[in-house]
Amino acid sequence: MELNWLDILTFLAFIVFVVGLGIFKGRKEDTSEDYFLAGRGLNWYLIGFTLIAANISTEQFVGMSGSAAGAAGLAIASYEWLSSITLVFVAIYFVPRFLSAGIYTIPEYLEYRYNSAARIIMAVFTMCVYIAVTTPAVVYSGGITIETIFRGSRVFGMEMTLQRSVWLIGIVAAIYVTIGGLKACAWADLIQGAGLILGGAMVMFFGFKAIGGAKPFFEANQDKLHMILPAGHPVLPWPVLIFGLWIPCFYYWGLNQYISQKTLASKTLKQGQLGIIFAAALKLLIPFIVILPGIMALQLYHDDVSARNDAAYPLLIRNLVPIGLRGFIFAAIAGAVMSTLAAMLNSASTIFTMDIYKRYINKNASQKLLVWIGRFTTMLFVIIACIIAPPLANPKFKGIFNFIQEFQGYISPGILAVFVFGFIFPRAIPSACITGLIISSPVYGILQWKFGGIAFLNRMAITFAAVILVMALITAVKPLSRPKIMPHNEQFDVKTSGIIYILGAAVIAATLTLYIIFW
């Protein structure tokens, strides 16, 4: 697609502004708490937008939109709407425990609840997945986005190949997160998150306009506007809504470092919980600006979209969005990739610095040295990601979404199981946790090897149940004589206020209402 000079100028101006703002806001980060947790000073609106910006990427704008145009239809929105309910429970039950413990990383909590071995096992598992799987996948998807945007155009005299696009997206994201840490990410995400929602709303508006309004759209697509699909459906059979889908949701929103780090940086417990509830409310909007446009594209450009579902969203932008606004929307999508990448890089460097370097390599490291270790590892990790990313174009990986989900399945059921079991059973013993973390990957691997026909979400559910059962048996033999005494950060040692319960109930009610409307 040829881009007008105004589109290119708008795109570059948006990206430069976002990076500049991030660097400016994060320019004075001197201590590890400043650099990795923004001085524990984030307000609710920054937390809410940064959670959404870190979550939304081309996986949604391309993958989910394409799935909506394909077999799943609106039902693919369950990934978003069940996340809204998940976030409410995370705000009420997970966040108070984590903030009260005063932790920097999620693995650190396991040391207090179980022992140091549990912490290092989770830290290593998480690091491996971030460095070898999720970060390269995001860099690759960002490279594809940039290559697609500028295909047929030259930027600074160069053709934007996949290889160049991968390094561009990696370097730009690494610049502001390396300099400014989490605070730079948060302020950049505030602009990018707002830009995402605004840009998506524009695409939806132009889609409705092209079709002739909302009424013709809903009348023509009734067969695709159902949230509950038959039990034999190949993509989202209804049983996964009861079992499997909750596992990646709770792991991702409650225990995934690059998401949870935003709430660990909150100014107060109430600000952190309000930020999560705000993000939960924003998640309710995402299907309307991402998934409905995919169905619109199928209606408007049936032959093209049927041949390649992932082309659905780009087709709407190319054919319906006016010059100038097209550059803004592309910038918002590219910014979403950078937000996700920056969050992952910051979190991976936090885990290495605080869980591995400070804990095992240099226990007496100064605050200044910890910040520089964080900056060095950020740059190292982005270089590794940019090297791994281009080969992901190989068809053997079966697409980025499949690549990420399959590998997450090796660690997420076990990690979620040891946290949930530890929350519910205060006398759970360290050996139960360690066993649960270790057996999760082999169990999931055997299920994938021997029962590959089972949906990966159901394989996650089986793995989760197996880990819980093993932990229960080990704990039943010799439980702790008394519960572990957890650390308490007095700043966050307060009860959840009533307004959190009211707002959380409102979000859950709104989610259930949407399921009823689109049953």
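The values are calculated or read from the model by the stated rules, or taken from the named source; none is laboratory data. This one's a predicted model, so the numbers in the text were calculated from it and none came from an experiment. Every residue, glycine as well, gets a Cβ built from its backbone with ideal geometry; the counts of neighbours run over all protein chains shown.
Quick look at the numbers
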| item | result |
| --- | --- |
| Residues being outside any helix (DSSP H, G or I) and either surrounded by fewer than 18 Cβ atoms within 10 Å (Cβ to Cβ) or free of Cβ contacts under 8 Å to residues at least 24 places away in the same chain (or both) - total across the range 103-124 | 1 |
| From GLY170, GLY181, GLY195, residue being of a type outside the set (Asp, Glu), on the phi > 0 side of the Ramachandran plot and either part of a helix (DSSP H, G or I) or modelled with pLDDT of 75 or more (or both) | GLY181 |
| Residue check, THR50 at pLDDT below 85 and either outside the structural domain of GLY195 (by TED's automatic domain parsing) or touching a Ser or Thr at 6+ places or on another chain (Cβ under 6 Å) (or both) | no |
| Residue tally, condition at pLDDT 75 or above and of a type outside the set (A, V, I, L, M), over the range 148-167 | 5 |
| Unique residue being buried (at least 18 other Cβ atoms within 10 Å of the Cβ), under 30 Å from THR105 (Cβ atoms) and in contact with a helix residue (DSSP H, G or I) (Cβ under 9 Å, 6 or more places away or on another chain) when the list is GLY207, GLY244 | GLY244 |
| In the range 297-312, the residues that are touching a Leu at 6+ places or on another chain (Cβ under 8 Å) and modelled with pLDDT under 70 | SER306 |
| Near pairs, Cβ below 7 angstrom, 6+ apart or cross-chain, from the range 332-359 (in the same structural domain as ILE197 (by TED's automatic domain parsing) and surrounded by 24 or more Cβ atoms within 10 Å (Cβ to Cβ)) to any residue that is basic (Lys, Arg) and at pLDDT 80 or above | ASP355/ARG119 |
| Test for ALA132: is it out of contact with any Phe, Trp or Tyr (no Cβ under 6 Å at 6 or more places or on another chain), buried (at least 24 other Cβ atoms within 10 Å of the Cβ) and modelled with pLDDT under 90 | no |
| Residue in the range 318-331 that is surrounded by 23 or more Cβ atoms within 10 Å (Cβ to Cβ), outside any helix (DSSP H, G or I), at negative phi and in contact (Cβ under 8 Å) with a residue 12 or more places away in the chain present | no |
| Test: residue in the range 286-303 that is free of Cβ contacts under 8 Å to residues at least 24 places away in the same chain, surrounded by fewer than 21 Cβ atoms within 10 Å (Cβ to Cβ) and in a helix (DSSP H, G or I) | yes |
| Residue in the range 357-367 that is under 23 Å from the mean Cα position of the chain (by Cα) and part of a helix (DSSP H, G or I) present | no |
| Residue in the range 35-47 that is of a type in the set (A, V, I, L, M), modelled with pLDDT of 70 or more and assigned to a helix (DSSP H, G or I) present | yes |
